[in-house]
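**Q** Here it is, the structure, as structure tokens.
The values are calculated or read from the model by the stated rules, or taken from the named source; none is laboratory data. Everything quoted here is computed from the prediction, not taken from an experiment. Neighbour counts run over all protein chains shown; Cβ positions are idealised from the backbone, glycine included. All accessible areas refer to the heavy atoms of the entire protein, side chains included, with ligands and DNA or RNA removed. Shrake-Rupley method; radii C 1.70, N 1.55, O 1.52, S 1.80 Å.
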Amino acid sequence: MKKGIFITFEGAEGSGKSTQIKNAARFFRRKDRSVVLLREPGGTKVSEAIRAILLDKRNKKLSDATELFLYLAARSQIVREKILPALKKGKVVICDRFEDSTLAYQGYGRKLPFALIRDMNRVVRGTLKPMLTFVLDVDIRRGLQRGGRYDRIERESFSFHQRVRSGFLKLAEQEPERMTVIDGSRPLPEVSRLVLEKLKSVFG
Ligand code: TMP
């Protein structure tokens, strides 16, 4: 049986992840791999219910700690219900956001302690780590324009979103082996080509 592969796509709002996730899925399906596409928060019944709470703009009073715990709770479910079983069956799992989003949004964005987030994330995901992570980097103004109707997080201040964007870049500097930053403001065919080139270089 083929070995499971876990890949994640990260980036600030409206960075064009969805298009590139489809692109990556096509790459693996052409190789006759079975691909599972997931998103965070979400992907299971419980995690989608948590997502609805997290993104509902009426939940203005959500504390930063509540927000963190809900993202982690949603992750715990998707890891156990979906990601680990799929990897065990040798599938390719491509997830729209994962742990790096928590470090970028709740760490750099909300300024919650990184050590705490990392420790709790380890409880949530165990030894599971993406083997490859794409960070699509786009200008915040441009990204938010693409977003359409704003959810609770998208309504955050410009400086919050700037901290998130630079947070992703700092995380990528810390783990260049795993995290590949791609300039998402380039023309779409070029972004797609860069993603495919990286996938080919790692998976042949
Ligand atoms: P999206 O899937 O449409 O990008 O919406 C998810 C939102 O949740 C997005 O604003 C990023 C945010 N988020 C966090 O703040 N922390 C996390 O750990 C994750 C996974 C997402």
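Residue by residue, here is whether (1) in contact with a Phe, Trp or Tyr (Cβ under 6 Å, 6 or more places away or on another chain); (2) farther than 25 Å from Arg80 by Cβ; (3) not basic (Lys, Arg) holds:
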position	(1), (2), (3)
Glu13	no, yes, yes
Ala25	no, no, yes
Lys31	no, yes, no
Ser34	no, no, yes
Leu38	no, no, yes
Gly42	no, no, yes
Glu48	no, no, yes
Arg51	no, no, no
Leu54	no, no, yes
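**Q** Is it the case, given these coordinates, that Asp183 is acidic (Asp, Glu) and either under 15 Å from the mean Cα position of the chain (by Cα) or at positive phi (or both)? Walk me through it before giving the result.
**A** Numbers: acidic (Asp, Glu): yes; either under 15 Å from the mean Cα position of the chain (by Cα) or at positive phi (or both): no.
Taking the combined requirement at face value, the residue does not satisfy it.
**Q** Shifting gears a bit: Return a yes/no flag: does region 127-141 have any residue that is touching a His at 6+ places or on another chain (Cβ under 8 Å) and not in a strand (DSSP E or B).
**A** Yes, some residue in region 127-141 is touching a His at 6+ places or on another chain (Cβ under 8 Å) and not in a strand (DSSP E or B).
**Q** Working only within region 51-64, note down all residues that are more than 13 Å from the ligand (Cβ to nearest atom) and open to solvent by less than 60 Å² (accessible area, probe 1.4 Å).
**A** Ser63
**Q** Also, quick follow-up: Listed residues Glu173, Glu154; which is within 17 Å of the chain's Cα centre (by Cα) and within 24 Å of Lys60 (Cα to Cα)?
**A** The conditions single out Glu154.
**Q** Of all residues in region 22-47, which are within 11 Å of the ligand (Cβ to nearest atom) and either out of contact with any Pro (no Cβ under 7 Å at 6 or more places or on another chain) or without any contact (Cβ under 8 Å) to a residue 24 or more places away in the chain (or both)? Lay out the reasoning, then the answer.
**A** Taking region 22-47 as the starting set, the residues that turn out to be within 11 Å of the ligand (Cβ to nearest atom) are 38-43, 47.
Residues satisfying the conditions are Leu38, Arg39, Glu40, Pro41, Gly42, Gly43.
**Q** Now a separate question. Take the conditions over 25 Å from Ala52 (Cα atoms) and crowded, with 19+ Cβ neighbours inside 10 Å and apply them to Val138. Does it pass?
**A** Spelling it out, Val138 is indeed over 25 Å from Ala52 (Cα atoms) and crowded, with 19+ Cβ neighbours inside 10 Å.
**Q** Separate question: Name the residue, out of Ser201, Ser101, that is of a type in the set (Ser, Thr, Tyr), away from the ligand (no atom under 13 Å from the Cβ) and in a helix (DSSP H, G or I). Please lay out each step first, then the result.
**A** Working: Ser101 fails: away from the ligand (no atom under 13 Å from the Cβ).
None of the other options fit; the residue is Ser201.
**Q** Filter the helices (runs of 4 or more DSSP H) completely within region 23-90 down to those with at least 2 residues that are under 20 Å from Thr127 (Cβ atoms).
**A** Where helices (runs of 4 or more DSSP H) fall fully within region 23-90 and carry at least 2 residues being under 20 Å from Thr127 (Cβ atoms), they are 64-78, 84-88.
**Q** Let me spell it out: the conditions are (1) surrounded by fewer than 19 Cβ atoms within 10 Å (Cβ to Cβ); (2) touching a residue at least 12 places away in the same chain (Cβ under 8 Å), and Met179 meets all of them except one. Which number is the exception?
**A** (1)
**Q** Of everything in region 70-98 that's of a type outside the set (A, V, I, L, M) and in contact with a strand residue (DSSP E or B) (Cβ under 8 Å, 6 or more places away or on another chain), which residue is most open to solvent (accessible area, probe 1.4 Å)?
**A** So, considering only residues that are of a type outside the set (A, V, I, L, M) and in contact with a strand residue (DSSP E or B) (Cβ under 8 Å, 6 or more places away or on another chain), the one most open to solvent (accessible area, probe 1.4 Å) is Lys82.
**Q** Search region 101-113 for residues that are touching a residue at least 24 places away in the same chain (Cβ under 8 Å) and more than 17 Å from Thr8 (Cβ to Cβ) and pair each with any residue that is near the ligand (Cβ under 10 Å from one of its atoms) and among the acidic types (Asp, Glu) when their beta-carbon atoms are under 8 Å apart and the residues are at least 6 apart or on different chains.
**A** Listed by first residue and then by second, the contacts come to Gly109/Glu156; Arg110/Glu67.
**Q** What about Ile117, is it in a helix (DSSP H, G or I) and surrounded by 16 or more Cβ atoms within 10 Å (Cβ to Cβ)?
**A** yes
**Q** Inspect all residues belonging to region 153-168 and state whether any of them is within 13 Å of the ligand (Cβ to nearest atom), β-branched (Val, Ile, Thr) and in a loop (DSSP other than H, G, I, E, B).
**A** Yes, region 153-168 has at least one match.
**Q** Pick out the one residue from Glu48, Glu13 that is at pLDDT below 95 and either among the charged types (D, E, K, R) or surrounded by fewer than 20 Cβ atoms within 10 Å (Cβ to Cβ) (or both).
**A** Glu13
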